[in-house]
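Peer 1: Shown below is the structure under consideration.
The values are calculated or read from the model by the stated rules, or taken from the named source; none is laboratory data. For clarity, every value in this text was computed on a predicted model and none was experimentally measured. Ideal geometry is used to build each Cβ from the backbone, glycine not excepted, and the neighbour counts take in all protein chains shown. These accessible areas exclude ligands, DNA and RNA; they are computed on the full protein's heavy atoms, side chains included. Shrake-Rupley method; radii C 1.70, N 1.55, O 1.52, S 1.80 Å.
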Amino acid sequence: ICMRVIYLTVLSSKHFINKISADTGLNPGYAGQKFNRLIVEGLTKNGVDTKTLTSRPMNRRFSKKLFWNASDEIEDGIHYQYIPFINIPYVHHICLFMYTFFYMLFWGSINRKEKFILMDVLNVSICMGAVFACKLNGLHCMGVVTDMPGLTIGASGANDKKRYRFASNIIHWYLYSFDSYVLLTQQMNSIINKNNKPYIVMEGLCDSNIQPSNVASCDTSVKSILYAGGLHERYGLKTLTDAFMSLPNRNYRLIIYGSGPFVDELKEDAERDSRVEYRGVAPNDEVMKAEYAASVLVNPRPTKEDFTKYSFPSKNMEFMSTGRPLLTTKLPGMPVEYYPFVYLFETETLEGYKVTLKEVLEKGYDELEKKGRDAQHWVLKNKNNIVQTKRIIELYQSTIC
């Protein structure tokens, strides 16, 4: 019997996502898109009949188009079914809720033991509709918790923060209604899983298509350190840039991709020090090429912030899969099994970052290459999306035995 899954999330084809970025210059959520796409690809490769029922990541910020009723797409074997909606604030969410509720109510009413729903709990409108439907028809609903409601750093401005708080309150209302959970860190379980439902910890997943032989040689004329992700001071970007600029070696480079409130200060840093390069928002393929060419990849996120207990940056997984060495902090949500495969900031101060950057950048190319290759082999073997999504399937199977 073929198992059938519908994954409810905000996911679009690569073609559409790249078009949004090209047309608007905005980041349409590359990290989330990649995470969700790897889950769907992994489920499919495990023989599960998988379809995405998804809302395109569109709002008035990206487009003034009023009616969105896109046809289904199939790209690289993934079936994208897009929910139609009216692009007006609040009406948009009502459309998503109603469509998802009725779709899942009827889809789940037949052969329930051969089906389950996987959903990103942070997508309020489609999640609420699906949870209500599952309670009525008895379909198993599994929640993927990629962040703690209330701790995400995304809202900027009073209205954004007000809407985000409202959404967080709604999420907490239905958060305990799932039949099982996929959590990013163990620390999430005591807060999210109040009813002690079955769960797994899946801190991330990398692309099983990556082959170690695809890793190119990096530029040996300079030593470059690269960061890609959200540009928030709370993510350690200011400490990183200040520490880097205090290093005297003129053959070092700091390359940064991303968007966020730290951009203006970063541009000022780039004007003061030509070794700092800010490259803006770019498609994931372009960022990946830059990662392969870098000497060291970095994630300077401080560990003192409360949200770090409930997150595992998807960039860490991506960085490790490139074959380039990763320099990161000892994030509470990062299991100690990762430690032998990465370089670590031991002291999270300006001087501490400076000392560690200097130590790592002064290492020989052979040593850096070996560190990167060892990390790549380990993560591709143990954390690829086929292995990780097989655990999701086993989690569901364990609940129906």
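Peer 1: Among DSSP beta bridges lying fully in the chain, give the percent that are antiparallel, nearest 5.
Peer 2: Taking every DSSP beta bridge with both residues in the chain, the antiparallel ones total about 10 percent.
Peer 1: Moving on to the next point. What aspartates and glutamates does Lys194 reach when the alpha-carbon gap must be under 12 Å and sequence neighbours fewer than 8 apart in one chain are set aside?
Peer 2: Asp179
Peer 1: Assuming 0.36 nm per residue, please report the length gained on full extension of the stretch Arg279 to Leu136 beyond their Cα-Cα distance. Can you show the working numbers first?
Peer 2: Details: separation 143, 0.36 × 143 = 51.48 nm, distance 4.93 nm.
Gain in length upon complete extension: 46.5 nm.
Peer 1: From the phi angles alone, apply the Karplus equation (6.51, -1.76, 1.60; θ = phi - 60°) to segment 254-263 and give each ³J(HN,Hα) in whole Hz, x where the residue is Gly or Pro.
Peer 2: Karplus values, whole Hz, x for Gly and Pro: 10, 10, 10, 10, x, 9, x, x, 7, 4.
Peer 1: Can you give me the relative contact order of the chain as a percent, contacts being Cα pairs under 8 Å and 6 or more apart?
Peer 2: Working: 721 pairs, mean separation 63.4, N = 401.
Answer for the chain is 16 percent.
Peer 1: Listed highest first by mean packing, meaning other Cβ atoms within 10 Å per residue, what order do 79-87, 116-124, 391-399 come in?
Peer 2: Values: 79-87: 18.0, 116-124: 23.7, 391-399: 15.7.
Peptide ranking by packing, descending: 116-124, 79-87, 391-399.
Peer 1: Once label points are set 7 Å from the Cα along Cα→Cβ at both Asn195 and Ala293, what is their separation, rounded to one decimal in nm?
Peer 2: Going from the Asn195 label point to the Ala293 one covers 5.1 nm.
Peer 1: Just to confirm the number: angle between the C-alpha axis of helix 158-174 and the first principal axis of the chain, 0 to 90 degrees, nearest 10?
Peer 2: 50
Peer 1: Which value, in Å², gives the accessible area per residue of the chain when a 1.4 Å probe is used on the protein heavy atoms? Let's see the in-between values first.
Peer 2: Numbers: 17600 Å² over 401 residues.
Per-residue accessible area for the chain comes out at 44 Å².
Peer 1: Against the longest principal axis of the chain, how steep is helix 350-361, in degrees 0 to 90 to the nearest 10, with axes from Cα atoms?
Peer 2: Compared with the principal axis, the helix lies near 80 degrees.
Peer 1: Next up: Using a probe of 1.4 angstrom, how much of the accessible area of the chain is carbon and sulfur, in percent?
Peer 2: Working: 9430 of 17600 Å².
That share works out to 54 percent.
Peer 1: Let's test the formula: R0 of 35 Å, r as the Cβ-Cβ distance of Asp23 and Trp173. What FRET efficiency results, to the nearest 0.05?
Peer 2: On the way: r = 36 Å, r/R0 = 1.02.
Once the sixth-power term is evaluated, E becomes 0.45.
Peer 1: Here's another thing I want to ask about it. Extent of the chain along each principal axis, from alpha carbon coordinates, in Å, largest to smallest?
Peer 2: Here the Cα extents, ordered largest to smallest, are 66, 45, 38 Å.
Peer 1: What percentages make up the Cα-Cα pair-distance distribution of segment 301-401 when the bins are 10 Å wide from 0?
Peer 2: Per 10 Å bin, starting at 0, the Cα pair percentages come out as 14, 38, 32, 11, 4, 1.
Peer 1: Using DSSP to call loops (not H, G, I, E or B), can you name the trypsin sites (Lys or Arg not before Pro) in segment 98-154 whose Cβ has at most 13 other Cβ atoms within 10 angstrom? Write down the numbers at each step before the final one.
Peer 2: Details: sites: Arg112, Lys113, Lys115, Lys135; in loops: none.
Of the trypsin sites (Lys or Arg not before Pro), not one in the loops of segment 98-154 has a Cβ with at most 13 other Cβ atoms within 10 Å.
Peer 1: Can you give the helix-only mean residue ellipticity at 222 nm for the chain, where every DSSP H stretch with n ≥ 4 adds -39500 (n - 2.57) and the sum goes over all residues, rounded to the nearest 500 deg cm²/dmol? Write out the running numbers ahead of the final one.
Peer 2: On the way: 13 runs with 162 residues, N = 401.
The helix-only estimate for the chain comes to -12500 deg cm²/dmol at 222 nm.
Peer 1: Further, regarding this structure: So for the pair His15, Asp76, with labels modelled 7 Å out along Cα→Cβ, what separation do we get in nm?
Peer 2: With each label placed 7 Å out from Cα toward Cβ, I get 1.4 nm.
Peer 1: Let me ask something else. Can you find, among Ile255, Ser221, Thr239, the residue farthest towards the positive end of the dipole of segment 218-283? Put +1 on the C-beta of Lys and Arg, -1 on that of Asp and Glu.
Peer 2: It is Ser221, whose Cα lies furthest towards the positive end.
Peer 1: So for each of 342-349, 270-277 I average, over its residues, the number of other beta carbons within 10 Å; can you give me the resulting order with the highest mean first?
Peer 2: Details: 342-349: 16.9, 270-277: 14.6.
Averaged packing, sorted descending, gives the order 342-349, 270-277.
Peer 1: May I ask you to compute the full-extension gain from Arg373 to Asn111, defined as 0.36 nm times their residue separation minus their alpha-carbon distance, rounded to one decimal in nm?
Peer 2: Numbers: separation 262, 0.36 × 262 = 94.32 nm, distance 4.57 nm.
Full extension from Arg373 to Asn111 adds 89.7 nm.
Peer 1: List the residues, sorted by chain then number, that are 5 or more residues from Asn87 or on another chain and whose placed amide H is less than 5 Å from its amide H.
Peer 2: For Asn87, whose amide H was placed from the backbone, the distant partners under 5 Å are Phe67, Trp68.
Peer 1: Which of rounded, prolate or oblate describes segment 10-146 when judged by the alpha-carbon gyration tensor and an a/c cut-off of 1.5? Show your work: numbers first, answer last.
Peer 2: Values: a/c = 1.98, a/b = 1.31, b/c = 1.52.
Oblate, since a/c reaches 1.5 and b/c is not below a/b.
Peer 1: Given axes a ≥ b ≥ c from the Cα gyration tensor, I'd like to know whether segment 189-323 is rounded (a/c under 1.5), prolate (a/b larger than b/c) or oblate.
Peer 2: Details: a/c = 2.47, a/b = 1.41, b/c = 1.76.
In terms of gyration-tensor shape, oblate.
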